[in-house]
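Every number in this text was worked out from the coordinates using simple rules, so none of it is lab data. Since the model is a prediction, treat every value here as computed from it, not as a measurement. A quick note on method: Cβ atoms are made from the backbone with ideal geometry, for glycine too, and the neighbour counts reach across all protein chains shown.
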């Protein structure tokens, strides 16, 4: 198993971009007397994450985000450190008026996709559900991930950051490149790194720090 995600390079690039933006704001970059007009919002910029009151009219029936496609009836198999994990997809319950899709593996999670293509996490069976006890839906996968995007996956719950868009992974199911690499920090402090392939979804996941240790490799 081989995975690559240029984290140091990503963080250096972000730091350099931040410094350049600061200079531009003072009219000191590239000899300009004023900063360039800001870029249009994209990715997570236009979203309220987590959302306390999702509008059902903003959501669609299918979850077909290219990085996280959940088609009812689909079955995916992963190799784990101590065996095998099989995930299945089916219709989920309506939560806050939004029809969800259920992904069942070690637990059953409920997702829904908005009109822009962002996939939202609405709850986990037996643990939490958006709209109950102050819980709020967060982002499971952005429609257009960008390096440096950070967002809540739930409230309360884990936080995520997009580390790279050019990750690579070698798995029993094949070799993948141009992967979206997402680092997730759980409330317990455990840090996971997940690799998503266009059209295949999650292909590899590993625990960076914390417990329990977890490794998933796509096999089928």
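Ranked by how many other Cβ atoms sit within 10 Å of their own Cβ, fewest first, the residues 177, 57 fall in the order 57, 177.
Among 104, 209, 171, a tally of other beta-carbon atoms within 10 Å of each Cβ gives an order, fewest to most, of 209, 104, 171.
Of the residues 109, 213, the one with the fewest other Cβ atoms within 10 Å heads the list, and the complete ranking is 213, 109. Projected label points at residue 82 and residue 207, each 7 Å from Cα along the beta carbon direction, are separated by 1.0 nanometres.
Computed from label points 7 Å out along Cα-Cβ, the spacing between residue 166 and residue 90 is 4.3 nm.
Compute the Cα gyration tensor for segment 43-218, then decide on rounded, prolate or oblate, letting a ≥ b ≥ c be the square roots of its eigenvalues: rounded whenever a/c is under 1.5, prolate when a/b is larger than b/c in the other cases, and oblate in all that remain. Cα axes put segment 43-218 in the rounded bin.
Counted residue by residue at 0.36 nm each, then reduced by the alpha carbon distance between them, the extension gain from residue 188 to residue 45 reaches 48.8 nm.
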